[in-house]
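Encoded as structure tokens, the structure appears first; notes follow it.
No lab work stands behind these numbers, since they all come straight from the coordinates. Treat the numbers as computed from the prediction; the structure is a model and nothing was measured. Cβ placement follows ideal geometry from the backbone for every residue including glycine, while neighbour counts extend to all protein chains displayed.
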Amino acid sequence: MKEYTTEQIRNVALVGHQGCGKTSLVEALLYNSGAITRLGRIEDGTTVSDWDDDERQRQISVSTSLIPIEFNDVKINVLDAPGFADFQGEVRNAIRVADSIVVVVDAVAGVEVGTELAWEYAKQFQQPIIVVISKLDRENANFERTLESLRASFTDHKFIPVMLPIGQQHDFKGVVNVLTQKAYYDAGADRADLPADMAAAVEDAHRELMEAAAEADDAYMEKYFSDGVISNDEIRDGMRKAARNHELNTVPVFVTSGTKNIGTYPVLEALIAYTSSPSVRRVGIHRGESTEIEYMMPPQSDDNPLAAYVFKTVNDRFVGTQSFVRLFSGVLRSDSRNWNNTKGEEERFGQLSTMRGKELIPLAILHAGDIGVVPKLQHTQTGDTIGDRDKNFTLVSPGFSEPLYSVALQPKTQQDATKIGSVLGILTQADPTLRWRNDPNTSQIVLEGMGEIHVQVALSRAEKLGLNVITEIPKVPYKETITRKADATYRHKKQSGGAGQFGEITLYIEPNPGAGFVYDTKVTGGAVTDQFLDSTNKGIQQVLPTGVIAGYPVVDVHVVVYDGKMHPVDSKDIAFQIAGREAFKEAFHEAGPVLQEPIMDVKITVPEAMMGDIMSDLNTRRGRVQGMDTTETGKSVVNAQIPLAEMLRYSNDLRSMTGGRGIYEMTFSHYDRVPSNIAEPIIKAYKPHGSSDE
Ligand SMILES: Nc1nc2c(ncn2[C@@H]2O[C@H](COP(=O)(O)OP(=O)(O)OP(=O)(O)O)[C@@H](O)[C@H]2O)c(=O)[nH]1
Ligand SMILES: [Mg+2]
């Protein structure tokens, strides 16, 4: 691949609802640019972008692919993001590092949940948006209706068709360029005359285009007001300005079929004309430890300080780790040493390359603004900043949602047990929406992600790294506590042969809400010495992690030891440990023990018509509705508090209840008492490990 300097580079992220046609569109663009000689198909697993085994099997994208497209002496780095809701972390990172966003919309379905989410992220990162209405060749596809659905959903944006379709559904033949008023059949490499029956529609669209272009530039606006027209060159220039400026909310609209390769040349041209070169990018940074955002102002160039953001990491058993970097300013060279600002570590950069799907293409140098791949970094993970050592800053990374779905993992073999920590570490460092932990409450290894498919894909990667596990639904991290005061006395006495053991403890326990475990002593007259009161505490502490009634940690209990007895010879540390432990357990059983469970704050967004079903389902989940709302786009939002125990597989349930049109967020709120009808079977099922008298 030839060397591209800053002005010859474009970075665009392709985002949208699951299956709207992003990957197929990229395939068509690659084909038109001459990079491939056959159009691959999703159904055959032959597209450049969905090359991963998981993607080919599932026929969906599961991670963002970097697809550099060389066209008219420009390199367009296309980031083909997945649409499936589980992979929103990939979408956020792609949007973060691109300079323009292409939102693809299915001409049959119109605006969908995934369209709205992608839109929201693009606005959050202040990115300009271009819309491609795709799949216009499909049965029931409708250009006008899709445009209307965009206008109704994003009312503060102007949608300006730059191309109009010639025919639709099985008749979709090509597009008309609204500016030149010429027809472009098939992919659109060659121009032809405007079909006569479209003259009026094109005339209207041309007027709209002219107005939108004029609004982007004061001089054009003045001329438009006085003369009623501006020239085609001025329209072209005005629309470029409008499309590149996110504040204007002007969205150029294109129309294509990816699989039939119709209307795609104009998109390729737009990816150059309607997007900015990376030099004009303003770059958000944090200086030192500060959380304030500062900006490195444009122009960005090779001569500015080095600032690169690692937005993706791929781990391969054979080629090792590959880090994807977006270089915002400065240059990176193969075989150089660079500084990881986030980690404070030097890294040796070997052979730089770019990746086209799975193909690695070596590069000697990356100029400011480019995207490339660095192999085998030692300390670097997704989200890190590579920068000048003496400039102490990190690049702003996008925030990520809390996990929604978790599984408990059991290593299959001893060998798996020894590597489970390191493999899960590799995966979670690569993906900021994936986490793992050793849950002390349940003694389980838990992997958390955004949904079932996300977690399955992660485990299939783990398998490729040589880790095999059995998965199960994780236990709910219940806690045990008490609801009233209770007393107990326990005497431990043992006199079988040799030296005897003797210890007696009298204590009471009482609820200590929100204040944890507290141990106090009020023994008078030296009935028990300090040494043995410490032994007693030690014995009680042993009970806390695994509880008394159901095997869960004990919380919020105040223990007061107020009496006891010693024996001149047989009192021993171990005797008082046992007495303390057993007295505590006895008192605990008498003190109205209960289970507490995590309660989650949940925000569910669904189309209005489905709200009734969602609400009655929440009733069956012990949900408490806190409030309801309607979004700007007419979706219903319900905020509720729901026990975690009822939400373990909600991502699957919500998907099937709403046909994928519902989304939710979930964060931990607090612990609350488990109702007795639900606690009872959990307590009954618990079999404590026999506690011996040693
Ligand atoms: N008829 C028709 N089908 C299309 C078109 N584009 C994509 N498809 C089909 O729609 C399905 C999804 O296409 P993809 O290209 O994988 O869509 P995507 O947006 O990349 O999907 P995700 O990345 O999984 O969100 C596949 O079965 C494609 O063959 C199109 O323009 N016309
Ligand atoms: Mg895709």
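What are the aspartates and glutamates whose alpha-carbon lies under 17 Å from the alpha-carbon of LYS173, with same-chain residues fewer than 8 places away excluded?
The qualifying aspartates and glutamates are ASP137, GLU139, GLU144, ASP186, ASP190, ASP193, ASP197.
Nearest 0.05, what FRET efficiency do SER496 and ASN438 give at R0 = 45 Å with Cβ-Cβ as r?
Step by step, r from the Cβ atoms, then E = 0.65.
Could you order peptides 510-516, 349-355, 653-659 by the average number of other Cβ atoms within 10 Å of their residues, highest first?
On the way: 510-516: 12.7, 349-355: 18.7, 653-659: 15.6.
Listed from highest to lowest mean packing, they are 349-355, 653-659, 510-516.
By average Cβ neighbour count within 10 Å, what is the ranking of 572-578, 557-563, 541-547 from highest down?
Sorting 572-578, 557-563, 541-547 by mean packing, highest first, produces 572-578, 557-563, 541-547.
Suppose R0 equals 30 Å; then what is the FRET efficiency for GLN542 and SER676 from their Cβ-Cβ distance, rounded to the nearest 0.05?
0.60
Between HIS589 and ALA417, take the C-beta separation as r, use R0 = 22 Å, and let me know the FRET efficiency to the nearest 0.05.
0.05
Per-residue counts of other Cβ atoms within 10 Å, averaged by peptide: what ranking do you get for 24-31, 470-477, highest first?
Ranked from most to least packed, the peptides come out as 24-31, 470-477.
In nm², what is the average projected area of the convex hull enclosing the Cα atoms of region 169-252? Kindly include the intermediate steps, with their values, before the conclusion.
Values: hull surface 26.2 nm².
So the Cα hull casts an average projection of 6.5 nm².
Provide the three semi-axes, in whole Å and in decreasing order, of the ellipsoid equivalent to region 515-601 as defined by the square roots of 5 times the Cα gyration tensor eigenvalues.
Semi-axes, largest first: 28, 13, 10 Å.
Compute the long axis of helix 88-97 from its Cα atoms, compare it with the longest principal axis of the Cα atoms of the chain, and write down the angle in degrees, 0 to 90, nearest 10.
The angle comes out near 50 degrees.
State to the nearest 20 debye the size of the charge dipole of the chain about its Cα centre, where the only charges are +1 on K and R beta carbons and -1 on D and E beta carbons.
1800 debye
Over what distance in Å are the Cα centres of region 337-361 and region 87-141 separated?
So the separation of the two Cα centres works out to 29 Å.
If you project the alpha carbons of region 580-694 onto their three principal axes, what span does each projection cover, largest first, in Å?
For region 580-694, the Cα extents along the three principal axes come out at 66, 24, 21 Å.
Expressed in nm to one decimal, what extension gain is obtained for the pair ARG317 and ALA196 from 0.36 nm per residue of sequence separation less their Cα-Cα distance? Display every interim value, and only then the final one.
Working: separation 121, 0.36 × 121 = 43.56 nm, distance 5.94 nm.
Gain in length upon complete extension: 37.6 nm.
Just grab the label-to-label distance for THR483 and ASP53, each label 7 Å out from Cα along the Cβ direction, in nm (one decimal).
5.3 nm
Sort all Cα-Cα distances of region 283-395 into consecutive 5 angstrom bins from zero, then give the percent of pairs in each bin up to the one containing the longest distance.
That works out to 2, 12, 24, 26, 18, 10, 5, 2, 0, in percent per bin.
Return the subset of LYS522/LYS687; LYS123/LYS223; LYS412/LYS475 for which the Cα-Cα distance in this structure is over 23 Å, preserving the input order.
Long pairs (Cα-Cα over 23 Å): LYS522/LYS687; LYS123/LYS223.
Convex hull over the alpha-carbon atoms of the chain: what's its volume per residue in Å³?
Normalising the Cα hull of the chain by residue number yields 196 Å³.
Roughly what would the spin-label model give for GLN124 and ASP563, points 7 Å off Cα along C-beta, in nm?
In this crude label model, GLN124 to ASP563 measures out at 6.2 nm.
Using the alpha-carbon atoms, what tilt in degrees (0 to 90, nearest 10) does helix 218-227 show relative to the longest principal axis of the chain?
40 degrees
Which parts of region 96-138 would a label at VAL280 reach, counting a residue when its backbone N lies under 12 Å from a point 7 Å out along Cα-to-Cβ?
100, 128
To the nearest 500 deg cm²/dmol, what mean residue ellipticity at 222 nm is calculated for the chain from DSSP H runs of n ≥ 4 alone, each contributing -39,500 (n - 2.57), summed and divided by the residues?
The per-residue figure over the chain is -8500 deg cm²/dmol.
Amide H neighbours of LEU332 under 5 Å, counting only residues 5+ apart in sequence or on other chains, H built in-plane at 1.01 Å?
When sequence neighbours closer than 5 places are left aside, the close amide H contacts are LEU366.
Could you give the size of the charge dipole of region 597-677 about its Cα centre, using +1 on the Cβ of each K and R and -1 on the Cβ of each D and E, expressed in debye and rounded to the nearest 20?
140 debye
Quick one: what are the phi-derived ³J(HN,Hα) couplings along region 250-260, Karplus 6.51/-1.76/1.60 with θ = phi - 60°, whole Hz, x for glycine and proline?
For region 250-260, the Karplus curve yields 9, 10, x, 10, 10, 9, 8, 10, x, 6, 9 Hz.
Output the direction-averaged projected area (hull surface divided by four) of the convex hull of the alpha-carbon atoms of region 102-218, in nm².
Numbers: hull surface 32.1 nm².
Projected over every direction and averaged, the Cα hull of region 102-218 covers 8.0 nm².
Would you kindly state how much longer the chain becomes between GLU222 and GLU208 on full extension, computed as 0.36 nm times their sequence separation minus their alpha carbon distance, in nm to one decimal?
Length gained, GLU222 through GLU208: 3.4 nm.
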